[in-house]
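The values are calculated or read from the model by the stated rules, or taken from the named source; none is laboratory data. Just so we're clear, the structure is a prediction, and the values are computed from it rather than from any experiment. FYI the Cβ positions are ideal-geometry reconstructions off the backbone, even for glycines, and counts take in every protein chain you see. Ligands, DNA and RNA are excluded from the accessible area calculation, which covers all protein heavy atoms including side chains. Shrake-Rupley method; radii C 1.70, N 1.55, O 1.52, S 1.80 Å.
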Amino acid sequence: MSRILIIAEHDGTTLNVATAKTVTGANALGIDDIDVVVFADDPEAVAGQAAALTGVSRVLAVAHADFLHPLAARLAPEIAALAGDYSHILAPSTTFGKDLLPRAAALIGVNQVSDIMEVIDARTFKRPIYAGNAIATVRVPEGGPVVGTIRTASFAAAESEGSADVEQREAQAADPGHTRFVKVEGSDGDGPDLSSAPIVVSGGRALGSSDNFAIIYSLARKMGAAVGASRAAVDAGYVPNELQVGQTGKIIAPDLYFAIGISGAIQHLTGIKDAGTIVAINKDAEAPIFEIADLGLVGDLFEIVPELEKAL
Amino acid sequence: MKILVALKRVVDYNVRVRVKSDGSGVETDGVKMSINPFDEIALEEALRIKERGQADEVIVCSIGGSDVQQQLRTGLAMGADRAIHVETATAVQPLTAARIFLKLIEKEQPGIAFLGKQAIDDDCNQTGQMLAALWDRPQATFASKVEISDGKATVTREVDAGLETIEIDLPAVLTSDLRLNEPRFVKLPDIMKAKRKPLDSMAIDALGIETAAELEAVTFEPPPKRGGGKMVGSIDELVSELKNKGLL
Ligand SMILES: Cc1cc2nc3c(=O)[nH]c(=O)nc-3n(C[C@H](O)[C@H](O)[C@H](O)COP(=O)(O)OP(=O)(O)OC[C@H]3O[C@@H](n4cnc5c(N)ncnc54)[C@H](O)[C@@H]3O)c2cc1C
Ligand SMILES: Nc1ncnc2c1ncn2[C@@H]1O[C@H](COP(=O)(O)O)[C@@H](O)[C@H]1O
């Protein structure tokens, strides 16, 4: 039996692009049957979007009021209940997938393959370890399904040229009652999404204050780019946490990345390794960021950034 | 209430890890080892909860060879009350680690099991979630703020969309994110005091757990290198390079 189950990530109305990337990862397995399961209080719209993804053969729409907010404790038993029908269970390596899938894997009784970056064969994968300083090839033993998260920066989003059937399914588990959603607060920035934007402009500790970060936002706006940041800039409170790029923030793969006033610590670099072109602006010619940047410019960012904006 | 904190011994985050030339693993000989940074943050938070009078005992535990006792001693010097070492000859993967922690939980009955969100060596980000599943208790992963009251925890979590707040009943598993706190420095007298704190060591076999089927490591390789960079001398040059590449 070879059949893949993908857990859809969505906000209730829109399927997250991370799911489309997970479908591309699944397509690389060489297995024809790919199901996407949508847990939602009203799955119709999201299920429709999932059904359109190229390579998807069936969408399971599971409606329940409990699924208004995705809580791992509520969803993991649902996944475990479906697991018997599948050889592979995949989710994107986003905070949603990282929170949920290991809980399901433990219920199923298998270790998880985290952050799959390349598929070698149906049970063998490459994944980064040590903040991306090494790439491990791991093989999943027989005796249970492959449960894995897909490193979204390694796979392009699947096209929307398909038309899979949508099947309604009943929820099979109950609310454990011990975990309650309270709220989620985001900056709701009006710019493009950091995880999928073709151009990202990131600022680091060198910006010095949240007021100074305005020059980064301004440059990004001029280019239609998303704004990112180093951990130091987030820790200092210049920008909110969801802008952090790196090992413990977002792993991104834009066509063009600007690292401005960022030294280039390994934990930051691991988040941008798959970027097309990296531009570094730093006043220190010895900064490690220049070792991996495709284009480097030495100088004071407070002079360069406004000038650059004008020159564009 | 007791708090159980997991401390993993890992290659220090400042070390630039290298893959062995035969692809059998990474070079760890003579390399600086430390407590996994996330675990240090978890311990700091546990100590603060105790200092606020909301816990009576902080127990640190680690799974590994005898050298993990160094990290346990550091944890005791930071302020933990006692330590448990589960001795294994080979490294364990997350599901086995979670089964071991569950055994310790059954024995110690903590109100909170506090783990790091990920170990910076294997970067798995699994063990806490697995433990919560096996224990059949709530999980609050990637925590950046924790408030305890009346047998509940209100936890702010760092998620892709921003900050999520959930409320969970205790006992529960928490995993720490980087911005939860800044761990304290260990002072010399505390290192001396830590030597007298209890450290129990037990063999993994004594726990009676079944080891999970492990992922087989086939090979290790260095990451693909990015092509050599080019320095530009001016903003105009930068802009024209980007235009040549068709990026602007
Ligand atoms: C477990 C762990 C996980 C981590 N995860 C992440 C992560 O996900 N993402 C991340 O980014 N970091 C992460 N870090 C932190 C990382 O190690 C670095 O501390 C951090 O990336 C540094 O941020 P920075 O480059 O902005 O600051 P700094 O290292 O302080 O660099 C500032 C740079 O700005 C330059 N500069 C100063 N003034 C100017 C000026 N006027 N004009 C131009 N340049 C100027 C300086 O030359 C310097 O190179 C992690 C650390 C740990 C331990
Ligand atoms: N061998 C171990 N000893 C102590 N703690 C561990 C061990 N393995 C995992 N952990 C804990 O589990 C967390 C997540 O690890 P991982 O799932 O491997 O990324 C770590 O931050 C530790 O808190």
*asked:* I'd like the residue in the range A:130-187 that is in a loop (DSSP other than H, G, I, E, B) and of a type in the set (D, E, K, R) and, out of all such residues, is farthest from the other protein chains (Cβ to nearest Cβ).
replied: A:GLU161
_Test: A:GLU307 is more than 22 Å from B:PRO37 (Cβ to Cβ), modelled with pLDDT of 95 or more and away from ligand 1 (no atom under 12 Å from the Cβ)_ = yes
*Would the range B:127-143 turn up any residue that is among the polar types (S, T, N, Q) and without any contact (Cβ under 8 Å) to a residue 24 or more places away in the chain?*
no
_I need the full set of residues from the range B:154-176 which are more than 7 Å from chain A (Cβ to nearest Cβ) and among the small types (Gly, Ala, Ser), in order please._
B:ALA172, B:SER176
*Within the range B:151-164, which residues are within 16 Å of ligand 1 (Cβ to nearest atom) and either assigned to a loop (DSSP other than H, G, I, E, B) or under 24 Å from B:VAL10 (Cα atoms) (or both)?*
B:GLU158, B:ASP160
_the range A:246-303, subset more than 9 Å from chain B (Cβ to nearest Cβ) and of a type in the set (Phe, Trp, Tyr), residue nearest to ligand 1 (Cβ to nearest atom)_ = A:PHE302
*Spot the failing condition for B:ARG137; the list is (1) in a loop (DSSP other than H, G, I, E, B); (2) more than 8 Å from chain A (Cβ to nearest Cβ); (3) of a type in the set (Lys, Arg), and only one is missed.*
(2)
*Residue by residue through the range B:87-102, note down the ones that are at pLDDT 95 or above and outside any helix (DSSP H, G or I).*
B:GLU87, B:THR88, B:VAL92, B:GLN93
*Only one residue in A:ALA76, A:ALA83, A:ALA131 is hydrophobic (A, V, I, L, M, F, W, C), buried (at least 22 other Cβ atoms within 10 Å of the Cβ) and within 14 Å of A:VAL37 (Cα to Cα), so which one is that?*
A:ALA76
_If I ask for residues that are surrounded by 20 or more Cβ atoms within 10 Å (Cβ to Cβ), near ligand 1 (Cβ under 8 Å from one of its atoms) and more than 10 Å from chain B (Cβ to nearest Cβ), which ones from the range A:217-245 would you list?_
A:ALA229, A:SER230, A:ALA233, A:VAL245
_Can you go through B:ILE148, B:ILE84, B:ILE105 and tell me which one is away from ligand 2 (no atom under 15 Å from the Cβ) and outside any loop (DSSP other than H, G, I, E, B)?_
B:ILE148
*Those residues that are open to solvent by 60 Å² or more (accessible area, probe 1.4 Å) and more than 12 Å from chain B (Cβ to nearest Cβ), I need them from the range A:193-211; list them, please.*
A:ARG205, A:SER210, A:ASP211
*Quick one: B:ILE148 ticks every box in (1) within 11 Å of chain A (Cβ to nearest Cβ); (2) at pLDDT 95 or above except a single one, so which number is it?*
(1)
*asked:* So, in the range A:97-108, how many residues would count as being more than 7 Å from chain B (Cβ to nearest Cβ) and open to solvent by 20 Å² or more (accessible area, probe 1.4 Å)?
replied: 1
*Among (1) more than 16 Å from A:ILE7 (Cβ to Cβ); (2) free of Cβ contacts under 8 Å to residues at least 60 places away in the same chain, where does A:GLU159 come up short?*
(2)
*Report whether or not B:GLU167 is within 16 Å of ligand 2 (Cβ to nearest atom), outside any helix (DSSP H, G or I) and open to solvent by 10 Å² or more (accessible area, probe 1.4 Å).*
no
*Are any of the residues in the range B:100-116 crowded, with 22+ Cβ neighbours inside 10 Å, more than 22 Å from B:MET192 (Cα to Cα) and within 16 Å of ligand 1 (Cβ to nearest atom)?*
yes
*Residue in the range B:51-58 that is part of a loop (DSSP other than H, G, I, E, B), basic (Lys, Arg) and touching a helix residue (DSSP H, G or I) at 6+ places or on another chain (Cβ under 6 Å) present*: no
*Looking at (1) surrounded by fewer than 20 Cβ atoms within 10 Å (Cβ to Cβ); (2) under 20 Å from B:SER62 (Cα atoms); (3) in contact (Cβ under 8 Å) with a residue 60 or more places away in the chain, can you tell me which one B:ILE148 breaks?*
(2)
_Output for the range B:26-54, where each listed residue is away from ligand 2 (no atom under 16 Å from the Cβ), of a type outside the set (D, E, K, R) and either free of Cβ contacts under 8 Å to residues at least 24 places away in the same chain or open to solvent by less than 10 Å² (accessible area, probe 1.4 Å) (or both)_ = B:GLY30, B:VAL31, B:ILE49, B:GLY53
*For the range B:79-99, how many residues are open to solvent by 10 Å² or more (accessible area, probe 1.4 Å) and in contact with a Leu (Cβ under 6 Å, 6 or more places away or on another chain)?*
1
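For the range B:16-29, state whether one or more residues are farther than 21 Å from B:ALA98 by Cα, more than 14 Å from ligand 1 (Cβ to nearest atom) and aliphatic (A, V, I, L, M). Break it down into steps so the answer makes sense when it comes.
Of all residues in the range B:16-29, those farther than 21 Å from B:ALA98 by Cα come to B:16-29.
Add one more test, that the residue is more than 14 Å from ligand 1 (Cβ to nearest atom), and what stays is B:18-29.
Next, only the ones that are aliphatic (A, V, I, L, M) stay: B:19, B:26.
Yes, that holds for at least one residue.
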_Filtered residues of the range B:117-134 (kept if of a type in the set (S, T, N, Q), in a helix (DSSP H, G or I) and open to solvent by less than 10 Å² (accessible area, probe 1.4 Å))_ = B:GLN129
*How about the range B:183-233: which of its residues are open to solvent by 70 Å² or more (accessible area, probe 1.4 Å), within 25 Å of B:PRO37 (Cα to Cα) and at the interface with chain A (Cβ under 9 Å from one of its Cβ atoms)?*
B:PRO222
